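No value in this document is a laboratory result; all are computed from the given coordinates. From a predicted model like this one, the values you see are computed outputs, not experimental measurements. Note: ideal-geometry Cβ built from the backbone for every residue, glycine included; neighbour counts use all protein chains shown.
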Amino acid sequence: MSAESPKNVILLPQTNQLLSLYTIIRNKETQRSDFVFYSDRIIRLLVEEGLNQLPVEPKTVSTPTGEVFEGVKFLGKICGVSIIRAGESMEQGLRDCCRSVRLGKILIQRDEETALPKLYYEKLPEDIASRYVFLLDPMLATGGSAIMATEVLLSRGVKPERIFFLNLISNPEGISNYHKKFPDIKIVTGAVDRGLNESKHIVTGLGDFGDRYYCI
Ligand code: PRP
Ligand code: URA
């Protein structure tokens with residue numbers, strides 16, 4: 001999809017290594033410990049790509065060889081906001097890259113019958129409006145949960161161009177629903193699947209991410 005990716009959708013390079021990780025986590029025979037381990041590897045790649053989207057300024061350092069290196073350094077402060085429960089699985093990957101990163105949480109659950117999201121709880125850093133925000137949720141299905149979470153962020157003063165929504169699996173309907181509301185927010189995803197089934201689960205998909213990561 002990369003060549004014809006819609007605007008503001010950043011798809012991880014579809015390397016054989018990435019495909020092998022997805023092959024493991026999509027397999028219904030995969031046991032929980034492997035599901036966690038290989039999901040975490042994908043999450044790390046998503047975080048690295050999210051960081052890659054942030055602005056930098058030039059920075060020159062001297063090396064032990066007596067030379068100078070003309071590099072860059074990141075501008076600004078970041079934080080992560082996970083959509084509980086499944087989004088919490090992505091927090092450690094962010095911490096692994098950004099020590100002592102600030103984290104906020106939003107509890108949204110999809111109603112199992114209607115697939116409609118319901119907001120239960122939010123706790124966000126006080127200064128979130130001055131930060132770049134990585135919104136964390138592994139699954140973008142209808143987009144309802146991510147849309148609700150993004151509305152919370154905007155209501156706290158975060159600018160759309162400072163939000164990056166990181167997910168493992170998306171699909172065209174969810175992307176389109178999300179971008180109809182927030183065309184300027186970048187979606188960083190590892191896979192764009194075919195669509196949704198009648199239960200609003202992603203197909204090809206991997207089933208219920210939260211259950212597989214935390215419970216079974
Ligand atoms: C899952 C997933 C997303 C949501 C995606 O969460 O983690 O938050 O569904 O679906 P949507 O795009 O149609 O809103 P779920 O509500 O099942 O809760 P969980 O995190 O406890 O698994
Ligand atoms: N949430 C999941 O965990 N999986 C789906 O396919 C859709 C929503």
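Note the per residue figure in Å³ for the convex hull of the C-alpha positions in the stretch 96-203.
Per residue, the Cα convex hull of the stretch 96-203 comes to 103 Å³.
In Å and whole numbers, how far do the C-alpha atoms of the chain stretch along each principal axis, longest first?
63, 40, 34
Using the basic label-point model (7 angstrom from Cα toward the beta carbon), what is the GLN14 to LEU119 distance in nanometres?
Computed distance between label sites GLN14 and LEU119 equals 3.6 nm.
List, largest first, the extents of the alpha carbons of the stretch 151-209 along their principal axes, each in whole Å.
35, 21, 18
If you stretched the chain out fully between ARG95 and PHE74, how much longer would it get, using 0.36 nm times the residue separation minus the C-alpha to C-alpha distance?
5.9 nm
Counting only C-alpha contacts under 8 Å and six or more residues apart, can you give the relative contact order of the stretch 76-207 as a whole percent?
Reported relative contact order: 22 percent.
With contacts defined as alpha carbon pairs under 8 Å and 6 or more residues apart, what's the relative contact order of the stretch 44-108 in percent?
Normalised by residue count, the contact order of the stretch 44-108 is 30 percent.
Which of the peptides 163-169, 205-211 is most tightly packed, and how do the rest follow, going by the mean number of other Cβ atoms within 10 Å of each residue?
Ranking, from highest mean packing down: 163-169, 205-211.
Let's see if you can work this out: charge +1 on each Lys and Arg Cβ, -1 on each Asp and Glu Cβ, no other charges. What is the dipole magnitude of the chain about its Cα centre, in debye to the nearest 20?
Here the size comes out at about 340 debye.
Report the label-to-label distance for SER130 and ASP111 in nanometres (one decimal), using points 7 Å from each Cα along the Cα→Cβ vector.
It is 4.1 nm.
How much of the DSSP bridge set in the chain is antiparallel, in percent, rounded to the nearest 5?
Percent antiparallel among DSSP bridges in the chain is about 40.
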